[in-house]
Amino acid sequence: MNRTPATRSSLDPDVLDCLSDVLDPEIGLSIVDLGLVYRAERTANGIDVAMTLTTRSCPLGEMITEDARERLYRRFQDCPRVDVSLVWDPPWHPDRVTDRGRELLGRPPRETK
């Protein structure tokens, strides 16, 4: 299934808040600050998350997705289903890192146009 990058409407703030505790252990930033979460939706049927990794060859992908799944189940205990899927389209790019992520990495803020 081809999924497009996240739009504001497909990023539930409560789900993102929960996922902000999921770290990419090699980089030390949350998957939210790295811009790895493409979709995070909560409905009556459950929670759907589409995320990617910085590279397909990341050896910790399964651990990161399982951490996300476990944290979502703990936070939303009444949720009937949590689906965390890895997607590769579009490929992740460093431009997706949030302003907070850039700050934590010691990078300058984005230039405003």
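No lab work stands behind these numbers, since they all come straight from the coordinates. Given the structure is predicted, the values throughout are model-derived calculations rather than measurements. Note that we place each Cβ from the backbone using ideal geometry, even for glycine, and neighbour counts take in every protein chain shown.
The table that follows gives values for the structure above.
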read-out	value
Matching option when the condition is in contact (Cβ under 8 Å) with a residue 40 or more places away in the chain, loosely packed, with under 15 Cβ neighbours inside 10 Å and touching a helix residue (DSSP H, G or I) at 6+ places or on another chain (Cβ under 9 Å), among Asp21, Asp17, Asp89	Asp21
Filtered residues of the range 43-86 (kept if among the polar types (S, T, N, Q) and touching a Ser or Thr at 6+ places or on another chain (Cβ under 9 Å))	Thr65, Ser85
Looking only at the range 67-86, and only at residues there that are free of Cβ contacts under 8 Å to residues at least 12 places away in the same chain and surrounded by 13 or more Cβ atoms within 10 Å (Cβ to Cβ), the one that is farthest from the chain's Cα centre (by Cα)	Tyr73
Top-ranked residue of the range 38-64 - restricted to ones that are among the hydroxyl-bearing types (Ser, Thr, Tyr) and touching a residue at least 40 places away in the same chain (Cβ under 8 Å), ranked as nearest to Pro13 (Cα to Cα)	Tyr38
